[in-house]
Amino acid sequence: MDTGIPEELKERAYRGICTKEDAALLLGAGPFELFSFADELRALAVGARVTYVRNRNINFTNRCTGTCRFCAFKDNKDYYILSPEELLAKVREAKETKATEVCIQGGLLPDVDLSFYLGILESIKAEYPEMHIHAFSPMEVWHAARLSGISVKEALLQLKKSGLDSMPGTAAEILSDRVREIICPAKLKAGEWVEVVKQAHTTGLPTTATMMYGHVETPEERIEHILTIREIQKETGGITEFVPLPFMPYNNPIGEKLMKEGRYTSPGTEDLKIYALSRILLHTHVDNIQASWVKLGKKLAQLALHCGANDLGGTLMEERISKSAGANNGETITAKELEWMIRGAGRIPKERNTLYMGIKEPVSDSQREVPGYEASE
């Protein structure tokens, strides 16, 4: 059986016009042929550098009105809500580690409107105006707008005015209403997610884009999800990176059901195929494909750098959502270890900011020997 990739398909990939049928053929190709071609396109798009960002995750509450059946983070009995002082203390700690970004998300609180989110932004910007605030998923924005009785566009404009710099493209899960009805029936529909993201872009707020795979979706629905991201990018150009996220099956109803059927986390080869497919389908449109070291583990994340990925995400400092669902790869990592991982994969490490601008050259080994370097890290 021929497991190669047809030359005419490769030509369409070079031009950024692969079809659904092409994607299905790619998934049926031999894994090493697929990985090699994705790596070739990665080299064409971004060269040998692999980026990372110094950042901190802040989850301001684990209380949530949502009914997502894949979530292990929500706790409506023994919940917490960070006070403004606690939140600012976390930003202060991030600043002390030379973080350039704070990523802020939380559960959907039942009794707050947009003013709650605006207050978070304004308090941070008042004390740390230079800190990039990457915050509030499309679901959170949609929720805040609805509770405030205003349009999503108006909510986005107010958030931007109060200091929001960019948005995480989370809450995407799989952009299929069939899937969403099973795993997150109370969440915004696929088309609503797309509309919030496009409105963010037209407001001047860049976003990332994610895909949580490995639960109840079909291969075709994965393909359609990636192609939907491509269509958004063709229209707006506002997506900075695409982040495939393998489903964590522990401590949540969907995962428990799958494990009873003998299914656990997605196999490593399948994960790498998703990264490769993402690179190929998004070529010429979204340059940056991020491998999550939290979800994949550090060694598989290194291997993903040879299968289309070119970014390892951030230092994080704390990570609660994946950990609660069974991820055991750690909550924090230093910039030095990320650089070590990247060099170990045969790539050139470069520190970036949230928007992939102002990328810094890596520190050389000789510089590391300069007295005082460790303290500056």
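What the table below lists for this structure:
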{"quantity": "Cut-off under 5 Å, modelled amide H: who pairs with Ile348 long-range", "calculated": "Arg49, Val50"}
{"quantity": "Per-residue Cβ neighbour rank within 10 angstrom, fewest leading, Asp111, Asp287, Asp311", "calculated": "Asp111, Asp287, Asp311"}
{"quantity": "16 Å Cα-Cα reach of Lys90 towards lysines, excluding residues that sit fewer than 8 places from it in its own chain", "calculated": "Lys98, Lys125"}
{"quantity": "Within the chain, helix-based [θ] at 222 nm, where runs of 4 or more DSSP H residues each add -39,500 (n - 2.57), nearest 500", "calculated": "-13500 deg cm²/dmol"}
{"quantity": "Amide H contacts of Ser266 (H built 1.01 Å from N, under 5 Å, at least 5 apart or other chain)", "calculated": "Phe247"}
{"quantity": "In nm, spacing of pseudo-spin labels at Lys77 and Lys125 (7 Å Cα→C-beta vector)", "calculated": "4.0 nm"}
{"quantity": "Those Cys residues of the chain for which no other cysteine Cβ falls under 4.7 Å", "calculated": "Cys18, Cys64, Cys103, Cys307"}
{"quantity": "For segment 178-196 and segment 36-66, distance of Cα centres in Å", "calculated": "23 Å"}
{"quantity": "Pairwise label distance in nanometres, Tyr250 with Phe32, each label 7 Å out on the Cα-Cβ vector", "calculated": "3.3 nm"}
{"quantity": "Cα gyration tensor category, rounded, prolate or oblate, for segment 111-201 with a/c compared to 1.5", "calculated": "prolate"}
{"quantity": "Cα pair distances exceeding 37 angstrom across the chain, given as percent", "calculated": "17 percent"}
{"quantity": "Cα-based convex hull volume of segment 24-87 per residue, rounded to whole Å³", "calculated": "191 Å³"}
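Each value in this text was obtained by applying a stated rule to the coordinates, not by laboratory testing. Every value quoted in this text rests on a predicted model; they were computed, and no experiment measured them. Note: ideal-geometry Cβ built from the backbone for every residue, glycine included; neighbour counts use all protein chains shown.
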